[in-house]
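Trainee: What follows is a single structure, and I will ask about it in a moment.
Read-outs: derived from the displayed coordinates by stated rules, not from any lab. Source: prediction; values computed, not measured. Here the Cβ positions follow ideal geometry from the backbone for every residue, glycine too, while neighbour counts run over all protein chains shown.
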Amino acid sequence: MPDRRGEAGTCGGRVMLTFMASDSDEEVCDERTSLMSAESPMPRSCQEGRQGLENGEGATQWRGQESEEDHEEDPDRHVCSGVPGRPPGLEEELTLKYGAKHVIMLFVPVTLCMIVVVATIKSVRFYTEKNGQLIYTPFTEDTSSVGQRFLNSVLNTLIMISVIVIMTIFLVVLYKYRCYKFIHGWLIMSSLMLLFLFTYIYLGEVLKTYNVAMDYPTLFLTVWNFGAVGMVCIHWKGPLVLQQAYLIMISALMALVFIKYLPEWSAWVILGAISVYDLVAVLCPKGPLRMLVETAQERNEPIFPALIYSSAMVWTVGMAKLDPSSQGALQLPYDPEMEDSCDSLGEPSYPEVFAPPLPGYPGEELEEEEERGVKLGLGDFIFYSVLVGKAAATGSGDWNTTLACFVAILIGLCLTLLLLAVFKKALPALPISITFGLIFYFSTDNLVRPFMDTLASHQLYI
Amino acid sequence: MTAAVFFGCAFVAFGPALALYIFTIATEPLRIIFLIIGAFFWLVSLLLSSFIWFMAATLTDNKDEPRQRDLLIFGVLISVLIQEMFRFAYYKLLKKSSEGLKSINPGEKAPSMRLLAYVSGLGFGIMSGVFSFVNTLSDSLGPGTVGIHGDPPQFFLNSAFMTLVIILLHTFWGIVFFDGCEKKKWYTLLVVLLIHLLVSALTFISPYSGLNLVLAYIILVLTGIWAFFVSGGSCRSLKLCLLCQDKDSLLFNQRSR
């Protein structure tokens, strides 16, 4: 019986926060990005069916990686879809039927995160000032020649990516040797740091920008409440909307840290390199992330809490189906399943299980509703926001570049979800969006901006 | 410039588009996706036309003013042409995808081509309007005096109204264009292209007089009437709608009592 590892209440694949950067050490942590569509099993209310589905769901499990305090990790990013146990035709139809809704369910949080980041960048000057660099990007970009600057940025990228690879492998090793308490401790520490320290810094800067005075007791109360509720929502139980809001906020905070501390050219090269790494790590048979998932499958364990944004709830209103053999017996298949599923591989594929036990009567059949959701790793949010935020910070006051990158990222996400619906396996969420974003950033900044500026100054319209 | 100018111009330019979005598009996820894809297509067309203009400007490398203005006019015309080409490309894509959707998903009704025409036109329009106006809007929040060097002082308001015209025109053009493609009336495409060229050319007239704006609005009304009849409206249905006697109206039952 796999132990719950202190995950009481975190059934249903609740996302855990594992992202951290310590300002004092200039560390930066990364976490996984991935896109997963979670499906709950059909309400057949039979144990056998459920078992089969849970085993089948193992193939689509996916785990996030936690990042350690002093390290940076590149989490596995992939997109997972479908439940292999289902009949293919039905699954395809269901997937496509819910496709557009799920795309929008992801558009909204990604857009909100970007809006928060862009609004902060455009108004709070702190995040565009250069105040040093992270230890992962030791080479400076204040060099005399262009070639030297490019070389430095490439070296910075190599260092950062290698740190990420090392951390991922370290995590796989930790998982293989079952050091669960260690990993869990990391998660808690990282989310503490993010929810309290970074929020305090962010709040301080915003108050400074708008010249609003706040006394320390009020500040303490605010930050304490924010952080405590965040910890509870993310690591334990909480309303879905609140959890989603917290995840968006911490992604935005993390993205702001990246935007501030990554030098310009290094940021762009790192974005490119991360998408390549994502592609490799998820799709190659020997990729660390794939190995992680396979290990979890072998052990038939739920993956430890990960950093995932889940977009939907599964509500099972309990189903009472009359068992012909035993009149008057009630079966509520999802209540016991809720307990079982936490320890099985089926758990993370239900975004959240909320099952108020409703007794039915013999002969009465209650409706069972389920809503499949899509999950997107927080690293995806972070890197999308970094791209758009960098475009806003460096685009010489130009909003067109920011908007172009925004549309490009949304289109990339749309395409990724389409591929998810077609291929029904783990897919990385970064490459397409980041590629589009980078292409549109550079082309809009260099080609479209002069054109539109010239047109606007002559008041010509196309 | 004040916040009043900012909000006023923002709502003048984007108010109708926002209303259209909220009431017709925001409720259906599939429509939102098609809207964003339409915006993306417009963006790519702009990219291509900027690239061509940039190449032309670098190749001629002539700094004197009339040559620059000629290049700009050339750029505008090329851009209009490429936009309409991409509208056609989007039509082709939608045609292919609607067949695909129908075959895979027989239960759910795929959106009709008329609806997609409207959504795509709106997508094009919103992106076009945003790209034309957002930088000007953000400048209007900052300090400055408009027209201090003798330029027209109603710069912001003129731009806002022109942006509105462009957004609505793109919507109507989308409807008419797709209808022409569906019914294989290729002259419609040519007419849309010519009207687009005309509206862009009108902006070459000096903005001091409000002439370009008035003419653009006349074209807007005419194109709107054309789009209305093309998408199946008629005088009778308009009358029924205005008198709240059409069956879809909420007031239908109350009135007939």
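Trainee: Return a whole-number percent for the relative contact order of chain B, with Cα pairs under 8 Å and 6 or more residues apart as the contact set.
Mentor: Computed over chain B, the figure is 24 percent.
Trainee: Using the Karplus curve 6.51 cos²θ - 1.76 cosθ + 1.60 with θ = phi - 60°, what ³J(HN,Hα) values do you get for each residue of region A:241-249, in whole Hz, with x for Gly and Pro?
Mentor: 4, 5, 4, 4, 4, 4, 5, 4, 5
Trainee: First obtain the Kirkwood hydrodynamic radius of region A:99-138 from its Cα pairs, then insert it into the Stokes-Einstein equation at 10 °C and 1.306 mPa s, and state the resulting D in µm² per second as a whole number.
Mentor: Diffusion coefficient, whole number: 126 µm²/s.
Trainee: Taking one equal scatterer on every alpha-carbon of region B:138-183, how large is log10 of I(q)/I(0) by Debye at q = 0.31 1/Å?
Mentor: For the requested q values the scattering log ratios are -1.05.
Trainee: In what sequence do A:Lys181, B:Lys247 fall when counting other Cβ within 10 Å, fewest first?
Mentor: B:Lys247, A:Lys181
Trainee: To continue, here is another question. Evaluate Rg over Rh across chain B, taking Cα atoms for both radii and Kirkwood's formula for Rh.
Mentor: Value, to two decimals: 1.01.
Trainee: Quick check: from the Cα gyration tensor, does region A:118-175 come out rounded (a/c under 1.5), prolate or oblate?
Mentor: oblate
Trainee: Counting only helical runs of four or more DSSP H residues, what would the 222 nm mean residue ellipticity of chain B come to if each run contributes -39,500 (n - 2.57) and the total is spread over all its residues?
Mentor: That calculation yields -26500 deg cm²/dmol at 222 nm.
Trainee: Using the count of nearby Cβ atoms within 10 Å as a rough guide to exposure, how do A:Tyr200, A:Tyr261 rank from fewest to most?
Mentor: Lowest to highest Cβ neighbour count: A:Tyr200, A:Tyr261.
Trainee: Let me ask another. Long-range amide H contacts for A:Tyr309: which residues qualify at under 5 Å (H placed 1.01 Å from N, peptide plane, sequence gap of 5 or more or a different chain)?
Mentor: Under 5 Å from the amide H of A:Tyr309: A:Leu376, A:Gly377, A:Leu378.
Trainee: For region B:1-54, max minus min Cα coordinate along each principal axis, in Å, sorted largest first?
Mentor: Principal axes ranked by extent give 38, 36, 12 Å for the Cα atoms.
Trainee: How large is the direction-averaged shadow of the alpha-carbon convex hull of region B:122-201, in nm²?
Mentor: Its average projected convex-hull area is 5.9 nm².
Trainee: Based on DSSP H assignment, which helices of chain B show an axial Cα extent of at least 30 Å together with a mean Kyte-Doolittle hydropathy greater than or equal to 1.6?
Mentor: B:29-60
Trainee: Related question: Please work out the Kirkwood hydrodynamic radius for region B:159-232, using every pair of different C-alpha atoms, and report it in angstroms with one decimal place.
Mentor: Answer for region B:159-232: a Kirkwood hydrodynamic radius of 12.6 Å.
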